[in-house]
Amino acid sequence: QGNVCYWNRAAEEIFGYSATEIMGQNLHQLIVPEHYLKAHKAGWEQFLETGEGAVIGKTIDLTALRRDGREFPIELSVSAIKLQNEQRAVGIIRDISDRISVEHDLANISDKIIQSHREWVDAFDSIHAPIFLHDAEGLITRANQAYADHAGMEVRDLIGKPYWECFPKREGPLSSC
């Protein structure tokens, strides 16, 4: 019927309910946010009838409620078992607040790196003097338009070529390189 029959220490810490106070209580009324209630009710009824449902055997990200009413992100894995001719659900819930925070931070860092790269490329390409970058073997990894113009080639065609074959034309690499 959706009542708690097992509640471990981790659940106490995540949700703020002790095992003693939550045992026998309807879990869904306590931890399911209002915006999930309609879908949850339909899924729960299907599960009770068939032992199947949209979340059974899957791991999904959604939100739950703490005892104080705060909503937080969780990862939910639900398995179905039949005991004494009744459908039972075993849910494993992880608080993923830290993971979400790190993903958000990484996305922000990634955006900043992309922006910095664009700014660097714009600055590099706007310089009127010929500039190129090469790897340890002297193969061009980046060149600006001025370098391409001096080499008489397109920038895309310079990449991967030994710079001394493009500009300035020489027998081999400069000793300074």
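Based on C-alpha pairs under 8 angstrom that are at least 6 apart in sequence, the chain has a relative contact order of 11 percent. For the stretch 128-177 versus the stretch 12-55, the inter-centroid distance based on Cα atoms is 64 Å. Element breakdown for the chain at a 1.4 angstrom probe: carbon and sulfur atoms account for 53% of the accessible area. Of the GluC sites (Glu not before Pro) found in the stretch 1-79, the ones in coil according to DSSP and having at most 16 other Cβ atoms within 10 Å of their Cβ are 52. Relative to its Kirkwood radius, the Cα radius of gyration of the chain gives an Rg/Rh of 1.40.
Taking the stretch 19-106, which trypsin sites (Lys or Arg not before Pro) meet the DSSP loop condition and have no more than 16 other C-beta atoms within 10 Å?
Sites meeting the loop and neighbour criteria: 58, 66, 67, 70.
Partners of residue 169 within straight-line reach, counting lysines whose Cα lies under 23 Å from its Cα and excluding those fewer than 8 residues away in the same chain: 161.
Axis of helix 37-50 versus longest Cα principal axis of the chain: the two differ by about 70°, to the nearest ten degrees.
For the stretch 1-86, run through the chymotrypsin sites (Phe, Trp or Tyr not before Pro) and keep only the ones in DSSP coil with at most 11 other Cβ atoms within 10 Å of their Cβ. Loop-located and lightly packed - 6.
DSSP assigns beta bridges within the chain; of those with both partners inside it, close to 95 percent run antiparallel. Entry comment: accessible area of the stretch 20-177 is 69 Å² per residue, from protein heavy atoms only and a probe of 1.4 Å. The angle separating the long axis of helix 97-126 from the principal Cα axis of greatest extent in the chain is about 20 degrees.
Expressed as a fraction of 2.2 N^0.38 Å, the rule-of-thumb size for a compact globular protein of N residues, what is the C-alpha radius of gyration of the stretch 75-152?
Here the answer is 2.33, to two decimals.
The values are calculated or read from the model by the stated rules, or taken from the named source; none is laboratory data. All values derive from a computational prediction rather than experimental measurement. All Cβ positions, even for glycine, are placed from backbone atoms using ideal geometry, and neighbour counts span all protein chains on display. Remember, those area values only see protein heavy atoms, side chains included, never the ligands or the DNA or RNA. Shrake-Rupley method; radii C 1.70, N 1.55, O 1.52, S 1.80 Å.
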